């Protein structure tokens, strides 16, 4: 997988951190300098952390492990869901339901319910459902799809999370830590990088920055999946 160049990352604004007054001092090792009251992230450290995370993700995918992508902020949703879909990984981009991992059995029941409604609505031979009931079921199904669509095909907990903005996704982070699930994350200058296993210092607010890093990591996972497939042949 081609590593984004220094200029690619500059163009994407990966280096822009938050205002100095909002910083988390634990991000100091990843900060290059302060410019006009804004912290500038050291892109050498970003590259180093990104490559390390990508290699681990590749090996996990090669071993058949699932990595769940989590990003519910507006500018990250579509980017993250598209990349996750392209490599067949689960994702959450609408709303993180409390207990999505710590109470996984309940979530599985909701997924089962959604799949049952799908079968019912797809069965053209079912005549006992009225138009009104069909409409109600369709609405319920769409509601479930919005929140659970990205994890509809998983029957066990993921082995890792990739998170965009750990500040925003603190509930997901807390659940993963409680269960000992590895966490890869884009970490901006206002967050604590020590709460995740593989922090990638970067601007987690700009869509271009989110895209360049998510694409690279998805590419690493894709390579791992390809090697897994080759080994099975």
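The values are calculated or read from the model by the stated rules, or taken from the named source; none is laboratory data. Keep in mind the model is a prediction, meaning the values are calculated, not measured. Heads up, the Cβs are rebuilt from the backbone with ideal geometry, glycines too, and the neighbour counts pull from every protein chain shown.
Just to be sure, is residue 195 assigned by TED's automatic domain parsing to the domain that holds residue 18, in contact with a helix residue (DSSP H, G or I) (Cβ under 8 Å, 6 or more places away or on another chain) and closer than 30 Å to residue 20 by Cα? Yes, satisfied.
Applying the criterion of at least 1 residues that are in contact with a strand residue (DSSP E or B) (Cβ under 6 Å, 6 or more places away or on another chain) to the helices (runs of 4 or more DSSP H) found wholly in region 95-186 leaves 170-179. For residue 191, the conditions (1) part of a helix (DSSP H, G or I); (2) closer than 20 Å to residue 44 by Cα; (3) more than 14 Å from the chain's Cα centre (by Cα) all hold with the exception of (1). Taking residue 104 as the residue in question, decide whether it is in contact (Cβ under 8 Å) with a residue 12 or more places away in the chain, in contact with a helix residue (DSSP H, G or I) (Cβ under 8 Å, 6 or more places away or on another chain) and under 20 Å from residue 144 (Cβ atoms). No, not satisfied. Can you name every residue in region 197-207 that is in contact with a strand residue (DSSP E or B) (Cβ under 9 Å, 6 or more places away or on another chain) and touching a residue at least 60 places away in the same chain (Cβ under 8 Å)? Answer for region 197-207, where residues must be in contact with a strand residue (DSSP E or B) (Cβ under 9 Å, 6 or more places away or on another chain) and touching a residue at least 60 places away in the same chain (Cβ under 8 Å): 198, 199, 200, 201, 202, 203, 204, 205, 206. Taking region 116-151 as the range and being surrounded by 15 or more Cβ atoms within 10 Å (Cβ to Cβ) and under 20 Å from residue 90 (Cα atoms) as the test, the residues that pass are 118, 141, 144, 145, 147, 148, 149, 150, 151. The strands (runs of 3 or more DSSP E) located wholly in region 1-90 that include 2 or more residues which are exposed (fewer than 13 other Cβ atoms within 10 Å of the Cβ) occupy 31-35.
With the condition kept exactly as written, say whether any residue in region 208-228 is over 23 Å from residue 40 (Cβ atoms), out of contact with any helix residue (DSSP H, G or I) (no Cβ under 6 Å at 6 or more places or on another chain), free of Cβ contacts under 8 Å to residues at least 24 places away in the same chain and surrounded by fewer than 24 Cβ atoms within 10 Å (Cβ to Cβ). Scanning region 208-228 turns up at least one residue that is over 23 Å from residue 40 (Cβ atoms), out of contact with any helix residue (DSSP H, G or I) (no Cβ under 6 Å at 6 or more places or on another chain), free of Cβ contacts under 8 Å to residues at least 24 places away in the same chain and surrounded by fewer than 24 Cβ atoms within 10 Å (Cβ to Cβ).
Only a single criterion out of (1) over 25 Å from residue 62 (Cβ atoms); (2) surrounded by 14 or more Cβ atoms within 10 Å (Cβ to Cβ); (3) in contact (Cβ under 8 Å) with a residue 12 or more places away in the chain is not satisfied by residue 194, namely (2).
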